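Peer 1: Would you mind keeping the following structure in view while I ask a few things?
The values are calculated or read from the model by the stated rules, or taken from the named source; none is laboratory data. The structure presented is a predicted model; accordingly, all values stated were derived computationally and were not measured. A quick note on method: Cβ atoms are made from the backbone with ideal geometry, for glycine too, and the neighbour counts reach across all protein chains shown.
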């Protein structure tokens, strides 16, 4: 709580909002550890703004002024998250009769629904595969190849790959599937069908590793990470990003998450229905899936070529 009380607590000491109020709000939140860190940072930013401007009794205009001030510092998505945290805080103070809700009805930013990351083409995927084959050791190459194929063909997120265990690779009917502990889920209730090519890569890696029941599906190989331990999302992301860089695909728009975009975009390009892609992506909201469909429709729009042909011959 030090980051919050140092700025927000000091700035609002005359308003009746004490450091205990901030502590109570943090305790009240039922969010992930990552979201909690974001909310702490948001309140610290807001408190610092109040302190810098000698504001002890913030009003609606002060919240708007803070929003505008951080627009030039953070990405639009971060500003939106920070504003959400502050609005939640003042709803909390109002409901507990500690301070009026001065952030009520303050509009957020217009966030583009387009993806901030790109998908990979078939040629780029193959270049990354060739790069992975040149990994430091045989076991690393087998692991990284299997991991990349699983993420690219099945659309698994880094957190889902990190959470996967050897026992999650199971038979279901005539198919081999991997059970997934997905985003915002409490258990491994979802699964993805594992294509034959991906299963072969996984089995080769697990056999070479001598994998046992109860172990993580993918394990660390370096002393720094802890040999035999579960891979973190950061390690997984770094491995994929390094492979992209080595393949000459270094870009802020091509990251580990691009593997998931590649899976969904390719499914759309192959003619899968909107409902099939939604189920494949495990999207709770079909509007999220529609972004992929919209992008494919735009790529198939041949107007520019037709216009150029007419105008320039």
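Peer 1: Restricting to segment 268-290, what's the tally of residues that are more than 26 Å from residue 188 (Cβ to Cβ) and in a helix (DSSP H, G or I)?
Peer 2: Within segment 268-290, residues that are more than 26 Å from residue 188 (Cβ to Cβ) and in a helix (DSSP H, G or I) number 3.
Peer 1: Which of the following residues is within 16 Å of the chain's Cα centre (by Cα), at negative phi and either modelled with pLDDT of 85 or more or not assigned by TED's automatic domain parsing to the domain that holds residue 131 (or both): 235, 304? Steps first, answer last, please.
Peer 2: On the way: 304 fails: within 16 Å of the chain's Cα centre (by Cα).
Matching residue, one of 235, 304: 235.
Peer 1: Taking the stated definitions as given, is residue 93 over 25 Å from the mean Cα position of the chain (by Cα), in contact (Cβ under 8 Å) with a residue 12 or more places away in the chain and within 30 Å of residue 212 (Cβ to Cβ)?
Peer 2: Numbers: over 25 Å from the mean Cα position of the chain (by Cα): yes; in contact (Cβ under 8 Å) with a residue 12 or more places away in the chain: yes; within 30 Å of residue 212 (Cβ to Cβ): no.
It is false that residue 93 is over 25 Å from the mean Cα position of the chain (by Cα), in contact (Cβ under 8 Å) with a residue 12 or more places away in the chain and within 30 Å of residue 212 (Cβ to Cβ).
Peer 1: Same structure, new question: Kindly list the number of the only condition in (1) farther than 22 Å from residue 159 by Cβ; (2) in contact (Cβ under 8 Å) with a residue 60 or more places away in the chain; (3) surrounded by 12 or more Cβ atoms within 10 Å (Cβ to Cβ) that fails for residue 272.
Peer 2: Failing condition for residue 272: (2).
Peer 1: Condition check: farther than 19 Å from residue 280 by Cβ, within 22 Å of the chain's Cα centre (by Cα) and either in contact (Cβ under 8 Å) with a residue 12 or more places away in the chain or not assigned by TED's automatic domain parsing to the domain that holds residue 31 (or both). Does residue 167 satisfy that?
Peer 2: No.
Peer 1: Select from segment 229-248 the residues that are surrounded by fewer than 19 Cβ atoms within 10 Å (Cβ to Cβ), farther than 18 Å from residue 159 by Cα and in contact (Cβ under 8 Å) with a residue 12 or more places away in the chain and list them in ascending order.
Peer 2: Those that are surrounded by fewer than 19 Cβ atoms within 10 Å (Cβ to Cβ), farther than 18 Å from residue 159 by Cα and in contact (Cβ under 8 Å) with a residue 12 or more places away in the chain: 246, 248.
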